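This report concerns only the one structure given below.
The values are calculated or read from the model by the stated rules, or taken from the named source; none is laboratory data. Keep in mind the model is a prediction, meaning the values are calculated, not measured. So basically every Cβ, Gly included, is an ideal-geometry build from the backbone, and we count neighbours across all protein chains shown. For accessibility, only protein heavy atoms count, side chains too; no ligands or nucleic acids. Shrake-Rupley method; radii C 1.70, N 1.55, O 1.52, S 1.80 Å.
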Amino acid sequence: MTAGIHWPQARALMAALVFVPAAGQAASWQDWQFNGFGTLGGVYHHEDGLEYRRDVTQPHGAQSGKLDLSVDSSLGGQLSGPLTDKLSATLQLVSKLNDSNNWSPRPTWAFLKYQFEGDSSVRVGRLLLDLQMRSDSNGIGYANTPIRPALEMYGNIRPEVYDGVDVTLVRPLGQGLGRVKLMAGDLYGDLTLAPGTVLDMRHKPFVSAYVEYQQGAWTGRFSARHLAMGDATGAAELRDVLRQAGAADAAAVLDSANQTINFYGLGVAYDEGNLQGSAQYSVWGYNTRLGGPYTHSLLLESSYRLGDLQPYAAASWAWSKRDYVATGLAADNPLNQVALAVQQGFFSNQFSFTLGSRYELTPQLAVKAQVDYLDVKDPIVLLETTPSSSRRRFNVYSLSLDFVF
C-alpha cells in the first residue's frame, strides 16, 4: 500500500493554498514552527504462543521471552504555521512499525485548518481520529500518561488515520463549555486480525461525532461512529466453499466485505490539581444479515502527580457473547472447525490491570515503567500464534523513554 495523500485531496489542498489571501491577512513564514517527538520503548512477556501488540495495525508483536523494541517505539516530526490570520497548515510525519511491516515515515497529519471565532474550526486533509478523552495526541508518548492506550478500549478501534474533514464547534453553555466534533472521510490502513489474516480497510468510508461538556474539573462525552468494513485475507474463498457445501448461514456471517460497524461510547473524566481519572464505556458491533457479536468495553483509570513523579493505575475489560452460527454440515465435516475458528476471531473476552509510573526527567524528557496483568479467553489485539483452549494469565513488562524537541 502507498503512504501518500490521495490525489483528489492533494489537488484540493493546492487549490486552497492558491486562494489563501481570501481567507484573511497574510502571515509571516517566520511564524512557522518545527517540533519533534519520539518514544524508545521495550516490551517483554513470557506467554508462549502469543505476540503482544499495542493495536491491530501492527502486523506482529512482542514474542515470548524476547525483548521487543518495536511495539511502542516511534519517531515523528511536525511542521506547522499560519498562512493567514485565519488559515494555517500542518504536516506531521511519523516513523513506527506500520501495517506494511516496515518503518517508512508516513503522513499522519497533513491538513489545512480554518479558525473561526473562539475555538471553533474546520480542518481538511489527512487527519487522526480523536479517540481518547484525556489526550488528542494519540501517537505522542510524552503527551500521555501510560505507555500505551488500554488495549480493551482503544486497541481495536483502528485504523485511526483518515483522509477527510473534521469540524469542531465550541460554545459556552451554562457554567461550562460545550463542544461538538464531527469527523468524516475515508479510513487508511490494514488490520492484522490473526497471523496471515489481514483486513483491508483502505478507502473505507466512515462518519464519527462526539458531544462533550466541560464544567470545572469534570468532562463528559458521548461519541458515535459508523464505518464500512473491508474483506479479510482468504475470506471470499472460504465463503464460496461454505456456500457450495450448503452452509449459507455460516458463509453470510463471514462476509466482512458487506459489513458495517456501529460504535457508541460514554465517558466521564476528572482533572483537578494533582489528581486525574476517567471512567469510559463503549459498545460496538457488526451489522450483518444474521447479526454479529457486540463487544462491550470498560476502562477505569487514575493517576496522581507527586512532583515530577506520576504513578497511575488502570483496569480495562472487553467482553462479548460467544454465539456461534452452525454450518449445518455433518458433524465430521472439517469445514466445521474452520468456520468455528473464523467466527471465534470476532469474539473479545479479555481483562487487563495496569500499574505504572511516569517520571519527568526534564520538561522535554520522561521515563515510564509499567506492568500489565492480563486474563485472556478470546484475545483482543493480541496475536495467537498457537491457539489455546484454556485461559491465558500472564504479565507484560514495559519501559519507555518519551521525548519532545
For percent of Cα pairs over 39 Å apart, calculated from these coordinates, the label among (1) 10; (2) 53; (3) 20: (3)
Diffusion coefficient, µm² s⁻¹, Stokes-Einstein with Kirkwood Rh over alpha-carbon pairs of the stretch 34-178 at 20 °C and 1.002 mPa s: 126 µm²/s
The stretch 354-405 versus the stretch 54-129: alpha-carbon centroid distance in Å: 21 Å
Spatial separation of Cα centroids for the stretch 174-203 and the stretch 141-161, in angstrom: 12 Å
At 1.306 mPa s and 10 °C, Stokes diffusion of the stretch 248-390 via Kirkwood alpha-carbon radius, µm² per second: 88 µm²/s
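Thinking of the stretch 43-122 as a set of Cα atoms, what percent of all their pairs are more than 20 Å apart?
Roughly 51 percent, rounded to a whole number.
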Helix-only CD estimate at 222 nm, as mean residue ellipticity for the chain, using -39500 (n - 2.57) per DSSP H run (n ≥ 4): -2500 deg cm²/dmol
For Thr90, net neighbour charge (Lys/Arg +1, Asp/Glu -1) across residues whose Cβ lies under 12 Å away: +3
The stretch 114-166 - Rg and Dmax from Cα coordinates, angstrom: 13.0, 38
Cross-link reach list, lysines versus Lys377, counting only Cα pairs under 24 Å and skipping chain neighbours closer than eight places: Lys66, Lys321
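Keeping every protein chain present and rolling a 1.4 Å probe, give me the accessible area per residue for the stretch 30-126 in Å².
About 43 Å² of surface per residue is accessible.
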The stretch 52-95, Rg to Rh (Cα coordinates; Rh as Kirkwood inverse mean 1/r): 1.28
Projected label distance in nm at Trp32 and Lys377, using a 7 Å step from Cα toward the beta-carbon: 5.5 nm
Stokes-Einstein D for the stretch 334-405, Kirkwood Rh over Cα pairs, 4 °C, 1.567 mPa s (µm²/s): 87 µm²/s
Proximal lysines to Lys86, defined as alpha-carbon separation beneath 30 angstrom and excluding residues fewer than eight positions away on the same chain: Lys113, Lys181
Carbon plus sulfur fraction of accessible area for the stretch 49-198, probe 1.4 Å, in percent: 58 percent
Zero-based 10 Å bins, Cα pair distances in the stretch 174-229, whole percents: 21, 32, 24, 17, 5, 0
